[in-house]
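Data first, discussion second: the structure below is written as structure tokens.
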Amino acid sequence: MATRLTTILVAVIVGATFIAGLIVGAQRDDASGPVDLIIVNGKVYPGGGAALQEAVAVRGNQILRVGSNREVKRLRRAQTMVLDAHGATVLPGLNDAQVHLMSGALTLEHLNLSTASTIDDVETELRHYAEDNAELPWLVAHDADPDLLGASTHPRKTLDGAVPDRPVLITSEHAKIAWANSRALELAGLTGKTRNRAAGIVRDRRTGEPTGVLRDGAVDLAVRAVPQPTRAEKLAALRAAIDEAQRLGITSVQSVSSSEEELQLLDEIRKDGDLELRVSESIVVTPAITEARINELNQLREEFPDDPALKLGGVLLTCPCEPQQIDRAVTLLDKHDWHVMVKTASGSDVNATVDAFEHATSVNGTPGRTRRIRLDDSLLSEGQARILFGSNWPAGPFDPLEAVHETVSATGELRSAIDAYTTHAAYASYDELRKGTLARGMLADIVILSNDIFEARPNALAESAVTVTIFDGKIVYQRPPAASSND
């Protein structure tokens, strides 16, 4: 599979699942009451391996019926909005199983250099970006080709020529290598007089001056020199990220954060009535986590309980870790009924995590809901685990269709790839009874694509784009019509 795609594998300990706060209750008969929206003439994939259907009916914020055009059209009333899919694919709303939402949001105003293939491309795009953003104190670009950045011998001169008056920082995909101009190097404290306190400052062999190429720890120092955004800027960035998610057909994300700030900002957006993206948050914890820190997290979980819009869904334990550390941390968190995810770094971490959950099961007894062992960046066979995809945005591209296309190109498994972004992702956050499939009573999060990705035509998926995103029964994104060539 392509290296740009972060694959998250979820091992499952089978058992009964209890989810509080589900949307349940008696349903009115299909033929009675208002039907707000119907989608017809589609190739509707409900998810979970189900057969293709033709149409979907929505009442309020729930799916009312999935079936044939005839079955759904008979539900139409005078007030019903009708969307014609024109033979294109209709899917459950897409769910990115791992993003860093705040970090990704803050990159949206930065220059994206993913399409730049030469140094001239970088210089040209940077000049245009500088001209269009004269008010920005720093010029920051991301997702540049790491091979391109690494091949340059003295990019500092190039950047100084393009932008002499402001600091410039360009990072590669995954931010392992960067370019910086003279002003940025100075503000980051990475000059010719700087001792090698940060591995990764590439220097001119003759003069000892930094060439502008930075690696590893030096990249981190340069990134830290970029001014931190204000609270208002963070809120604006998150709102922009919600818009971007809708454009890409994403109606749910599972976000990872190092603190509770992201939750609090999203809650402010929710109170304003603008949180049109479902967020299940996980807080990063260390293997040395204490009872005191867990008590703080317990209080935060009470503030953000299970909710289809916004919740504190779990904690992420990052490795490499010693087996004893994993065992202790997992057992302690499991005792407090936390959904524990482990970001593994090796096969030994995987084995230690599975052993830790077995130990927690024997020590802590039966929890209020089924334990679901989630191992991120792990290698398990599909028979052992449910596979779900997370972009790890902004380290990877946010577009799910790009990831699905890469996966299908490698495996040929289209429905499995879609399930990884829908049904399996919902299962991973204990939401499978309210979203992730198109079925009666499920939340009406739906995506309509531009063509039929199930047809045999080779480029059907590669050429597809999101045309409509429906969130909670409402249209939140419609692709603008193509400009006419006839003036």
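Derivation of every value follows stated rules applied to the coordinates shown; laboratory data play no part. These figures come from a predicted structure and were not determined experimentally. All Cβ positions, even for glycine, are placed from backbone atoms using ideal geometry, and neighbour counts span all protein chains on display.
In segment 195-270, which trypsin sites (Lys or Arg not before Pro) are in a loop and have at most 12 other Cβ atoms within 10 Å, using DSSP for the loop call?
Filter output for segment 195-270: ARG195, ARG197, ARG205, ARG206.
Kirkwood-based Rg over Rh for segment 276-355 (C-alpha set), two decimals?
Radius of gyration over Kirkwood radius for segment 276-355 works out to 1.01.
Given R₀ = 22 Å, what would the calculated FRET efficiency be for VAL82 paired with GLU455, taking r from the Cβ atoms and rounding to 0.05?
Calculated value: 0.40.
Could you pull out every residue, at least 5 positions away or on a different chain, whose amide H is within less than 5 Å of the one on VAL256? Hs are placed 1.01 Å off N in the peptide plane, and Pro or chain starts have none.
VAL99, HIS100, LEU101, SER282
Loop only by DSSP, 15 or fewer other Cβ within 10 Å of the Cβ. Give me the trypsin sites (Lys or Arg not before Pro) in segment 391-487 that pass, ordered by residue number.
Passing both the DSSP loop test and the Cβ count: ARG440.
Where both partners of a DSSP beta bridge lie in the chain, what percent of those bridges are antiparallel, to the nearest 5?
About 50 percent, rounded to the nearest 5.
Leaving out same-chain residues fewer than 8 places away, which aspartates and glutamates sit with a Cα under 12 Å from that of LYS234?
The reachable aspartates and glutamates, counting only those whose Cα sits under 12 Å from LYS234, are GLU109, GLU261, GLU262, GLU268.
When the Kirkwood hydrodynamic radius is evaluated over all pairs of different C-alpha atoms of segment 109-178, what value in angstrom, to one decimal, is obtained?
12.0
Restricting to segment 115-248, compute how many DSSP beta bridges are antiparallel as a %, nearest 5.
65
Order of TYR430, TYR45 from fewest to most other C-beta atoms within 10 Å?
Going from least to most buried by this count: TYR430, TYR45.
How far apart, in nanometres, would the label points at VAL363 and ARG203 be if each is projected 7 angstrom from Cα along the Cα-to-Cβ direction?
4.9
Which value, to two decimals, describes the C-alpha radius of gyration of segment 138-225 once divided by 2.2 N^0.38 Å?
Taking N as the residue count of segment 138-225, the ratio is 0.94.
Computed FRET efficiency, Cβ-Cβ of SER258 and LEU136, R0 25 Å: what is it to the nearest 0.05?
Taking R0 as 25 Å, the efficiency between SER258 and LEU136 is 0.45.
Sort HIS100, HIS86 by Cβ crowding within 10 Å, fewest neighbours at the top.
HIS86, HIS100
Quote to one decimal, in nm, the extra length available between GLU233 and ILE119 on full extension: 0.36 nm per residue of separation minus the C-alpha distance between them.
37.9 nm
Pop out the ³J(HN,Hα) list for segment 115-131 in order, Karplus 6.51 cos²θ - 1.76 cosθ + 1.60 with θ = phi - 60°, rounded to Hz; leave Gly and Pro as x.
Calculated HN-Hα couplings, in order: 9, 6, 10, 9, 5, 4, 4, 4, 5, 5, 5, 5, 4, 5, 5, 5, 5 Hz.
Once each part is reduced to its C-alpha centroid, what is the distance from segment 114-156 to segment 55-87 in angstrom?
48
Tilt of helix 347-364 relative to the longest C-alpha principal axis of the chain, in degrees (0 to 90, nearest 10)?
Roughly 50 degrees between the two axes.
Mind checking which lysines have their Cα closer than 16 Å to the Cα of LYS43? Skip sequence neighbours fewer than 8 apart in that chain.
Within reach: LYS73.
Please give the contour-minus-distance gain from GLU296 to LYS271: 0.36 nm per residue of separation, less the Cα-Cα distance, rounded to one decimal in nm.
Between GLU296 and LYS271, full extension yields 6.7 nm more.
In the P(r) worked out for segment 356-479, what percent of Cα pairs fall beyond 27 Å?
Counting pairs separated by more than 27 Å, the tail of P(r) holds 29 percent.
What relative contact order, as a whole-number percentage, does the chain give when Cα pairs under 8 Å and 6 or more residues apart are counted?
Contact order relative to length: 24 percent.
Could you work out the relative contact order of segment 96-231? I mean the mean sequence separation of Cα pairs under 8 Å and 6+ apart, divided by the number of residues, in percent.
20
Check which residues have an amide H placed less than 5 Å from ARG278's amide H, if you skip close sequence neighbours.
SER252, VAL253
Can you sort TRP179, TRP393, TRP138 by how many other beta carbons sit within 10 Å, fewest first?
TRP138, TRP393, TRP179
Where the centre of each part is set by its Cα atoms, how far does segment 236-308 sit from segment 314-343, in angstrom?
Here the two parts' Cα centres lie 20 Å apart.
Students often get this wrong, so try it: which of (i) 25.1; (ii) 21.8; (iii) 24.3 is Kirkwood radius over Cα pairs in Å as calculated from the structure shown?
Here the calculated entry is (iii).
So if we plug the beta-carbon distance of LYS335 and ILE475 into 1/(1 + (r/R0)^6) with R0 = 30 Å, what FRET efficiency do we get, rounded to 0.05?
Here the calculated transfer efficiency is 0.10.
If the cut-off is 26 Å between C-alpha atoms, which lysines fall inside it for LYS335, apart from same-chain ones fewer than 8 positions away?
Straight-line reach from LYS335, under 26 Å: LYS311, LYS343.
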